[in-house]
Amino acid sequence: MESIIIILYNILITVFFILVLPFFSAFAKRRRTVLKRLGLTGIKTDKNISPVWIHALSVGELTAVVPLIDQLRNFYGKNEIVVSVTTKTGYVVANNLLKKKVGCVFFFPFDLIFSVKQVLKKINPALIVINETDIWPNFLSIVKKKGISIILINAKLSRTFFKFKFFFKKLFLNFDVICVESKKHKKFFQLLGYPEERLVITGNTKFDFNAPLFDLKRIEALKAEIGINTNQKIITAGSTHKGEEVIIKEAFFKLKTEIKDLVLIIAPRNPLRGYELLKLFKNFNTALLSKTKKITDSKDVIIIDKIGILKKFYAICDLAFVGGSLINEGGHNPLEPAAYSKPVLTGVYTNDFKRLYETLIKSEGTKTVFDAEDFYKKALSILKDPKKNETMGKANNDVLNSNKGAAFNISKVITQCNY
């Protein structure tokens, strides 16, 4: 039965790849990415070293493994760690964050037998670490057959896995060890049929996020760089999606009637949407960050259309909104503003970080908003009350600090693994 499923899977994925390949080939940039994901280009490693290979899907997952990489550097040299990503944005951010820390950053292969074997041959890993649930049948099967140790970290399960229990049980059994966040998640994997002795409760490395230090002098310098004076209030809305900005705009318009010099810094999840937001906020005095080195005059709205710099705008804000949550996108990681002790607003759609948001909301450092009116009322109450602002920010930061330690725990699992 299992072999039939794998055969059908390979037929389907091969046919699908053949059908979409002409569309990739039509664009030069896409074509370069395809070659890299086929394992034909883009991999340069020391052939004399069998490294630890760490994989993270995109930016959010990548941020979560950076603390782990920092821990592993206590045991391994730079060339003994390599990192793969799936998305182009993740690739750009990985190179910016990890260029000096790891031997190579490359694209995770398509789940075609040829491309998986090509990449494994070039990397020749001693151990593979997969973050969260970016798991693929061919990849896992080939890695297992080659006798390469493989670990799943920050592991979590959804109801979908139980709907296809037979298939996913076989898939997860390819992992030598699964590192889970809590007893609850350990129980889920046991119910799926994964052996208890191969499950380790380590916590989640997302909580090990270390915020770059922004002292008062640096905060004031950054504000001056974007035309904001020291006394102005700032809302930073990060990782927003189409459909959310309209709601934020309506709330911001009402907030400006109460706080005249309020500034909105907004960073769309897709930075290419910068011009779209420029049109949306045309009734305000608005600036697009990529089009100016320094903003000299005061703006109502500043649009961040660059990758990898959102955290510093969380550092200078008085209130953060984390996007992907006012529309059904699953929400995004709120730990960056929490690391800077900022109060956080979120929409109701936070399934991708359900437990985390539940904890933050319970601590009263994060509040849920349902629409523009609710956003306006809750934002106003926080911005008008310095004591409330401080208390909420501290509550978020306390949640972050009390859950740290996963990177250290997982690094112990990796270094003790027999490979």
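Of Phe108, Asn270, Gly90, which is farthest towards the positive pole of the chain's charge dipole, taken about the Cα centre with +1 and -1 on the beta-carbons of Lys, Arg and Asp, Glu respectively?
Of Phe108, Asn270, Gly90, it is Phe108.
What whole number of Å gives the distance from the Cα centroid of segment 64-97 to the Cα centroid of segment 344-419?
25
Sort out for me the Cα centre separation of segment 287-343 from segment 145-162, rounded to whole Å.
Computed from Cα coordinates, the inter-centre distance equals 33 Å.
Give me the percent relative contact order of the chain, please, defined on Cα pairs under 8 angstrom at least 6 residues apart.
Over the chain, the number comes to 13 percent.
Based on the alpha-carbon gyration tensor of segment 34-133 and its eigenvalue square roots a ≥ b ≥ c, which shape applies: rounded if a/c is under 1.5, prolate if not and a/b is larger than b/c, or oblate?
It is oblate, given that a/c is not under 1.5 and a/b is not larger than b/c.
Assigning unit charges at the beta carbon (Lys, Arg +1; Asp, Glu -1) and nothing else, what dipole magnitude in debye, to the nearest 20, does the chain show about its Cα centre?
1000
Have a look at Leu345, Pro386, Leu38 and report the one farthest towards the positive end of the charge dipole of the chain, computed about the Cα centre with Cβ charges (Lys/Arg +1, Asp/Glu -1).
Result: Leu38.
What FRET efficiency do you get for Glu258 and Arg159 if R0 is 45 Å and r is their Cβ-Cβ distance, rounded to the nearest 0.05?
Here the calculated transfer efficiency is 0.55.
Semi-axes of segment 158-255's equivalent ellipsoid from the Cα gyration tensor, sqrt of 5 times each eigenvalue, largest first, rounded to whole Å?
Semi-axis lengths for segment 158-255 are 45, 21, 10 Å.
Taking a ≥ b ≥ c as the square roots of the Cα gyration tensor eigenvalues, with a/c under 1.5 meaning rounded and otherwise prolate when a/b beats b/c, else oblate, which class fits segment 130-207?
Note, shape of segment 130-207 comes out oblate.
Per DSSP H run of at least 4 residues, take -39500 (n - 2.57); add these up for the chain, divide by its residues and hand me the 222 nm value, nearest 500 deg cm²/dmol.
-14000 deg cm²/dmol
Using the Kyte-Doolittle scale, which helices in the chain average at least 0.0 and also have C-alpha atoms spread 30 Å or more along the helix axis, with helices defined as whole DSSP H runs?
The answer, listed by residue number, is 2-25.
Since every read-out is calculated from the coordinates, none of them should be taken as a lab result. Only a predicted model underlies this, so the values are computations on that prediction, with no experimental measurement involved. FYI the Cβ positions are ideal-geometry reconstructions off the backbone, even for glycines, and counts take in every protein chain you see.
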